Amino acid sequence: MKHGILVWSLFILSAGSAFAQGALKVNLKFIIDDGNREDAKIDIKRDGNVWKNMMSDGKKESVDLDLGHEFLFTFSKPGYITKKLYFSTKVPTGAGTNNEFLPYLFTVTIFKQPSQVNLVVFNQPVGRISFKESLDDFDYDTDYTQSVLDQLKEVEKQIVKIKQVEAAKKAQEDAKLVTLKADADAKKKTEEDTRKKAEDAEKVAKAKADEDARKQAEDTKKKASDADKAAKAKLDAEAKKKLEEDNKKKVQEADNALKAKADEDARKLAKAKAEEEARKLAKAKEEDDRKKAAQAKLDEEKKKADKAKMDEEARKKEQDDLKNKAKASEAAKKAKEEEDAKKKAAQAKIDEEARKKADAEDKKKTQEMEKARKAREDEDRKAAEKAAKAKEEEDKRIETLKGAEKEKAIADAKKQAESDAKAAEKAKKAREEQDKLDAKAAKAKEEQDKLDAKAKNAREEEDKRILAKAAKAKEENDAHIKEAALAKIKADAEKKRIEKLDGEEKVQAEAAEKKRVLDEQMAAAAKAAKLKAEEEARQKSEAEAKKKADESDRIAREKLAADKAHAAEVLKADEKRKAEEAYRKKVADDEIRKQQEAAAVADSRSRQGTGATQLTETKTDPNASKNRVEEYFQEGNRKITQVTITVNGQLRVFRKVIYSWGAIYYFVGNSVADCKNPTTESIYEAEAE
């Protein structure tokens, strides 16, 4: 039995090793890409109703499907793409081996569900399996599967691109985390080193402090002993001194009190004056600060206005640059299209001129072949008429003969008729062969015309396709420019809004704006990559189409050259055939002439003995070094001119025989009796006359 294999992570079908009676055994394996099996399940419906629910453990599962029903398998997991598989077990009576079929194995893989991808294709089954009478077994629907595969491949490309973007984003985040961790580790190490250095310094300082305290205690103890001795003397001196100082102090206090009062009055006066000055200064400073604040506010507003103006000018300039760039690109593209159109028009003109020239040549060759055919027919007709007339005259001549002479003439005529029939048959075959060659050339011309028309249609279709692609590319470019301009306006508005915020709200808004810009940059990068891939694919497609068109043109040109060469060979072969035909005709005519000349010689001899009519006799001096004798005879329907030339005793005889129907033959010999060797008119004229 045959089984199909459906790839691209859909399912794999293969034969098992045992039969299932009255049911079809299905062995399936459920794979979760980049995830665990939590909440993964398989739901099976039979004839539209819930039949079985299975939780997947990653191992191979087996299910027996009753014959005569329709089953729908659904493979799902939250957050993943759901896939479906349709299975029909309806079979005709007697199918399989007594309705026994080999088990089927298929594997289904599901992926995480991306938010940016259109998943409409997964609303329908990814495959349809049913009984195929041609295989006498179950197999998948090839046409349906191929159509779904084409859509799934497109979805897979989008998923791969999204994964690449997510991987790049994750790589950036991981790199950032690595950097943060490295910074934290370095900070921690620095803090640890600082802490250790502080502890070491503290230990050293404590040891030094303990040593200093010990030394200080010993010094204090020693000094205390000396101090006790001097303390008493010192107290006495201090008491005396204190009494003197108290008296002096009382006097001083009285002076100080008077001075203090005067100072206090002066201080209060100075304080009042200073406070007045400070109040005036504060008021002046406040006024100055107010003016500075107002000026600063004006400066800030002017700065913001200038910045807004510069931003607006920059935005307009950027838009103008985009427009100018688009215009330049459009102009360059238009110029290229015009140049291509001119080249194509020039090439089309060259092709058309070449076609017209080829048609003219073909027409001329056809006319020449037709002219040659008519000439052959005319030549054959004239030859037939001439032969018929000659035969008629020969028949009349033969009727005038008697006895053995008549029988001989009849035999010669029969032999001549057979020779003419053979020559006519050869000429007929040659004409048939030429007609075949002409028909073959005409057929080659017709095929070349078809190829030219097909190549022209292909070029026109390719031109239409290129123009449609160019229009689509222009539309996408215009949309991209418009989208970029709108994004710039939106970004500027958001930036102005953030500038008006304060505190935490401004920080959050700036963070959100940075995230939005990053997301837009990533989206723009993904879009640019997509556009680049599409442009490369377009260029590749155009290059392949051009290569294919060039190859078709090359093949067409080579075929045209081959056909022309063949036509030249046919013409050459025709000329060769004509030359051979002319040669064969000459040989045949020579053969006929020989036979007729032989007959003429025999007749001449016979008539010489029986009294042929001698019309003229010319004699020269026999003693001269060269003598020439010319004689004329009339024998029936033939007129004979005989020239005998003697040079130094050597005899040379020439004879010219003219038949009444126009045939002329020439003979040469070393005597009258030997004058039966055919020769040419040029030799006769050169030597006899």
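General observations
- Accessible area of the chain belonging to carbon and sulfur atoms, whole % at 1.4 Å probe: 55
- Using θ = phi - 60° in the Karplus curve 6.51 cos²θ - 1.76 cosθ + 1.60, the 3J(HN,Hα) couplings for the stretch 181-193 round to 5, 4, 5, 5, 5, 5, 5, 4, 5, 4, 4, 5, 4 Hz; x is entered for Gly and Pro.
- Each Lys or Arg adds one and each Asp or Glu subtracts one; over the other residues with Cβ under 12 Å from the Cβ of LYS482, this totals -2.
- Under 14 Å, Cβ to Cβ, from ASN36 - net charge with Lys/Arg +1 and Asp/Glu -1: -1
- ³J(HN,Hα), Karplus 6.51/-1.76/1.60, whole Hz, each residue of the stretch 459-470, x for Gly, Pro: 5, 5, 4, 5, 4, 4, 5, 5, 5, 5, 5, 5
- Distances between placed amide hydrogens fall under 5 Å for PHE138 paired with LYS132, all partners being 5 or more residues away or on another chain.
- Farthest toward positive dipole pole in the stretch 205-344 [+1 Lys/Arg, -1 Asp/Glu at C-beta], among LEU281, ALA305, ALA266: ALA305
- Near-label residues of the stretch 362-394 by backbone N, under 18 Å of a point 7 Å along Cα→Cβ of LYS578: 362-383
- What the chain shows is 70 Å² of accessible area per residue, with the surface traced by a 1.4 Å probe over protein heavy atoms.
- Translational diffusion of the stretch 242-315 was estimated from the Stokes-Einstein equation, with Rh taken as the Kirkwood radius over Cα pairs; at 37 °C and 0.692 mPa s the coefficient is 182 µm²/s.
- Against the criterion of solvent-accessible heavy-atom surface with a 1.4 angstrom probe, ILE42, ILE466 sort, most first, into ILE466, ILE42.
- Neighbourhood net charge (13 Å Cβ-Cβ; Lys/Arg +1, Asp/Glu -1) for ARG279: 0
- Accessible-area rank, largest first, for MET369, MET55: MET55, MET369, with all protein chains present and a 1.4 angstrom probe.
- Placing +1 on the Cβ of every Lys and Arg and -1 on the Cβ of every Asp and Glu, with no other charges, gives the chain a dipole of roughly 2120 debye about its Cα centre.
- For the stretch 195-212, backbone phi angles converted through the Karplus equation (6.51, -1.76, 1.60; θ = phi - 60°) give residue-by-residue couplings of 4, 4, 4, 5, 5, 4, 5, 5, 5, 4, 5, 5, 4, 5, 5, 5, 5, 5 Hz, Gly and Pro being listed as x.
- Prolate/oblate/rounded label for the stretch 157-299 (Cα gyration tensor, a/c 1.5): oblate
- Close amide H contacts of LEU105 (hydrogens built in the peptide plane, cut-off under 5 Å, sequence separation of 5 or more or a different chain): SER14, ASN27.
- Exposed-site-free run, longest, the chain (rule: trypsin sites (Lys or Arg not before Pro); DSSP loop; at most 14 other C-beta within 10 Å): 91-401
- With Cα atoms, 0 to 90° folded angle of helix 503-610 axis to the chain main axis: 10
- When TYR659, TYR583 are compared by accessible area of protein heavy atoms, the largest-first order is TYR583, TYR659, using a 1.4 Å probe.
- For LYS676, distant residues with modelled amide H under 5 Å away: VAL668
- Kirkwood hydrodynamic radius (C-alpha pairs) into Stokes-Einstein, the chain, 37 °C and 0.692 mPa s, D in µm²/s: 76
The values are calculated or read from the model by the stated rules, or taken from the named source; none is laboratory data. Here the structure is a predicted model, which means the values were calculated and not measured. FYI the Cβ positions are ideal-geometry reconstructions off the backbone, even for glycines, and counts take in every protein chain you see. These area figures cover heavy atoms from the full protein model, side chains too; ligands, DNA and RNA do not enter into them. Shrake-Rupley method; radii C 1.70, N 1.55, O 1.52, S 1.80 Å.
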